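Participant: First the structure, which I've put down as structure tokens, then a few questions once you've had a look.
Any read-out appearing in this document is the output of simple, stated calculations on the displayed coordinates, not a laboratory observation. These figures come from a predicted structure and were not determined experimentally. Glycine gets a Cβ as well: all are built from the backbone with ideal geometry, and neighbour counts include every protein chain shown.
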Amino acid sequence: MTQLRVTVWGENVHEQTSKAVGAIYPTGMHTTIADALNQDARIKARTATLQETDHGLTDTVLADTDVLTWWGHAAHGKVDDKIVDRVQKRVLEGMGLIVLHSGHHSKIFKRLMGTSCDLLWREAGERERVWVCNPGHAITQGLPPQFVLEHEEMYGEPFGIPNPDEVLLIGWFQGGEVFRSGVTYRRGAGKIFYFQPGHETYPTYHEPLVQQILRNAVLWAKPEGVFKTGCQHISADKAPEPITASGASVH
Ligand code: ZN
């Protein structure tokens, strides 16, 4: 069986600087997420972090990645533009991308969306109820009609994203706001899923249903083919049909 090659990218800053976050994720959020993905034998997940050379995303690593997941927050600005270019190119060619929680403001997500990706937010430890909009989608398989996360950061509308291909999840928060919590896009040949839950001070990535969504999402985002970037010139003598029409340049 060929396993899906997943790279779980973690900014890995809060885990080092906050005792509270370090207590929830002693080996980093990226490790918790990779472990959750590896529960499915069809997936082979490894991790990469901001602190590594090329943020762990060398050409070799990306060439060897079918789906990349991205969690960032405090250090979006520290991500080198050349790595953003590299990831964008791979997405356009067909690599899947799962953008998590505060990754909504990451350079790569804003680049691929082309919009502000701004939203409403509040950190009050409130309850979130996540509603499934399309139980027939690959990403929502195994989920109940709705489920509750006891504590999450509120992300609310308006969310400055382009109209998604699909809205799969809607989050309702205790304070009354709602949010498009799970949305899909295609950019080039690459499939993208944005998933809102995952604030660092709550144990969201330990939640079994959240882990199920992450596994479903990487399996959904697997490349279907490769569409290499770059324009190709083809000379007249290489055209599939002889060019004999009375075009302006033909004498
Ligand atoms: Zn957050």
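Participant: List the aspartates and glutamates whose Cα sits under 17 Å from the Cα of Lys89, skipping any in the same chain fewer than 8 residues away.
Facilitator: The qualifying aspartates and glutamates are Asp54, Asp59, Asp64, Asp66, Asp80, Asp81, Glu224.
Participant: Set the Förster distance to 51 Å, then compute FRET efficiency between Glu52 and Ala239 from the Cβ-Cβ distance, nearest 0.05.
Facilitator: Calculated transfer efficiency: 0.65.
Participant: log10 I(q)/I(0), Debye, Cα-only region 168-251, no solvent, q = 0.14, 0.22, 0.24, 0.25 Å⁻¹?
Facilitator: For region 168-251 at q = 0.14, 0.22, 0.24, 0.25 Å⁻¹, log10 I(q)/I(0) is -0.68, -1.13, -1.21, -1.26.
Participant: Sticking with this one: Quick one: of Lys191/Lys238; Lys110/Lys222; Lys19/Lys44; Lys19/Lys222; Lys19/Lys82, which pairs are farther than 27 Å apart, Cα to Cα? Walk me through the numbers on the way to the answer.
Facilitator: Working: Lys191/Lys238 33 Å; Lys110/Lys222 21 Å; Lys19/Lys44 30 Å; Lys19/Lys222 35 Å; Lys19/Lys82 32 Å.
Table pairs above 27 Å Cα-Cα are Lys191/Lys238; Lys19/Lys44; Lys19/Lys222; Lys19/Lys82.
Participant: Considering the options Val148, Ala239, Ile213, tell which one lies farthest towards the positive end of the dipole of the chain, charges being +1 on Lys and Arg and -1 on Asp and Glu at the Cβ, about the Cα centre.
Facilitator: Highest projection toward the positive end goes to Ala239.
Participant: Tell me, Thr115, Thr60, Thr201, Thr47 in order of fewest to most beta-carbon neighbours within 10 Å? Please report the intermediate quantities before stating the final value.
Facilitator: Details: Thr115 12, Thr60 9, Thr201 16, Thr47 22.
Placing the least packed residue first, the sequence is Thr60, Thr115, Thr201, Thr47.
Participant: Please report Rg over Rh for region 93-142, where both radii come from the alpha carbon positions and Rh follows the Kirkwood definition.
Facilitator: Result: Rg/Rh = 1.03.
Participant: Label points 7 Å out from Cα along the Cβ direction at Gln16 and Asp64: separation in nm?
Facilitator: 2.3
Participant: Here is a follow-up. Given just the C-alpha atoms of the chain, how large is their convex hull per residue in cubic angstrom? Each step should come with its number before you reach the end.
Facilitator: On the way: hull volume 42.5 nm³, N = 251.
Once divided by residue count, the hull of the chain is 169 Å³.
Participant: So, one more: Using Cβ contacts closer than 10 Å as the measure, can you line up Asp59, Asp35 from fewest to most?
Facilitator: Working: Asp59 11, Asp35 15.
Lowest to highest Cβ neighbour count: Asp59, Asp35.
Participant: Please report the relative contact order for the chain, taking Cα pairs under 8 Å with a sequence separation of at least 6, and give it as a percent rounded to a whole number.
Facilitator: Working: 513 pairs, mean separation 50.7, N = 251.
Here the relative contact order equals 20 percent.
Participant: For region 58-145, count all C-alpha to C-alpha pairs, find those more than 21 Å apart, and express that count as a whole percent of the total. Please report the intermediate quantities before stating the final value.
Facilitator: On the way: 1724 of 3828 pairs.
Above the 21 Å cut-off, region 58-145 has 45 percent of its Cα pairs.
Participant: On to the next question. Output the antiparallel fraction of DSSP beta bridges having both residues in the chain, as a percent to the nearest 5. Don't skip to the answer; put the middle values down first.
Facilitator: Details: 25 of 46 bridges.
About 55 percent, rounded to the nearest 5.
Participant: Let me ask something additional. Ranked highest first by the average count of other Cβ atoms within 10 Å around their residues, in what order do 152-165, 74-87 fall? Provide the component values of the computation, followed by the final result.
Facilitator: On the way: 152-165: 17.1, 74-87: 15.3.
Top of the packing list down: 152-165, 74-87.
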